[in-house]
Amino acid sequence: FHISHNIKTMEDQEMLQLSQAKFWILLVLSISSTICVLFIFIYFYRQRKNISLHQHLTMVLVRISFIQMPSDFPFSMICYHYGIVIPSSDTFCLWWTWWSYSINGAPLFVMAWGSYERHLLIFNNSLMNTRRKRFFFHVLPMLTVCIYPFIFYFAAILVNSCENFWDYEWVNKLFYFI
């Protein structure tokens, strides 16, 4: 089943072309992004003995991006290519909504903490002198901001008592505006 079978109007044709363009752009950028992430992993692996606290933020962001690429992008690409959610089930849509919000929110929280942590590392570097201080002011906050979006969106999306109505055909019109 491909969305080109359902073309009825000029607007549908434009939506098809736009979704196909988005599919190919996302595919090309995902492949090139994966290659870049692998080079970054190789660089950090070779420099593993010289990695400072300043580089931990970058490593966390690269790892989150690497998890996001194979676990979230393929579903968007399927929607762009076929025009429907596959598999079309309430459970999948609920899971995908939770996962997408969580995996897109995690880098934002990490960056917010990272900007504050940079301030601590530059102006209050005595906070990182001992292992205990490093744990409480570097490791624990970084873990917290990585896990928080997943817990928050789990409560906001999955535990929410509202009833969801999923329109699997409407997704093509939704992606037209994105």
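The values are calculated or read from the model by the stated rules, or taken from the named source; none is laboratory data. All values reported here derive from a predicted model rather than from experimental measurement. FYI the Cβ positions are ideal-geometry reconstructions off the backbone, even for glycines, and counts take in every protein chain you see. Accessible surface is based on the protein model in full, side chains and every heavy atom, while ligands, DNA and RNA are left aside. Shrake-Rupley method; radii C 1.70, N 1.55, O 1.52, S 1.80 Å.
What to note about this one:
- Of all residues in segment 30-70, those satisfying the criterion of being more than 27 Å from residue 122 (Cα to Cα), exposed (fewer than 15 other Cβ atoms within 10 Å of the Cβ) and of a type in the set (A, V, I, L, M) are 31, 35, 38, 42, 67.
- Segment 127-167, residues that are touching a helix residue (DSSP H, G or I) at 6+ places or on another chain (Cβ under 8 Å) and of a type in the set (Lys, Arg): 133, 134
- Complete set of residues in segment 41-72 that are assigned to a loop (DSSP other than H, G, I, E, B) and of a type outside the set (Ser, Thr, Tyr): 47, 48, 49, 50, 51, 72
- Elements of type helices (runs of 4 or more DSSP H) in segment 73-172, at least 1 residues being of a type in the set (Phe, Trp, Tyr) and open to solvent by 50 Å² or more (accessible area, probe 1.4 Å): 73-82, 90-123, 140-153
- All of 33, 52 fail the test of being farther than 26 Å from residue 117 by Cα and either modelled with pLDDT under 85 or of a type in the set (S, T, N, Q) (or both), apart from 33.
- Residues satisfying the stated conditions in segment 17-29, i.e. under 10 Å from residue 73 (Cα atoms) and surrounded by fewer than 16 Cβ atoms within 10 Å (Cβ to Cβ): 27
- All positions within segment 42-69 that are touching a residue at least 24 places away in the same chain (Cβ under 8 Å) and under 18 Å from the mean Cα position of the chain (by Cα): 57, 60, 61, 62, 64, 65, 66, 67, 68, 69
- Cβ-Cβ distances below 9 Å connect the following pairs, each with a first residue in segment 132-150 that is touching a residue at least 12 places away in the same chain (Cβ under 8 Å), a second residue that is surrounded by 12 or more Cβ atoms within 10 Å (Cβ to Cβ) and acidic (Asp, Glu), and a separation of six or more residues or different chains: 137/117; 138/117; 141/117; 142/117.
- Single residue of segment 111-131 satisfying the filter (small (Gly, Ala, Ser) and touching a residue at least 24 places away in the same chain (Cβ under 8 Å)) that is farthest from residue 94 (Cα to Cα): 114
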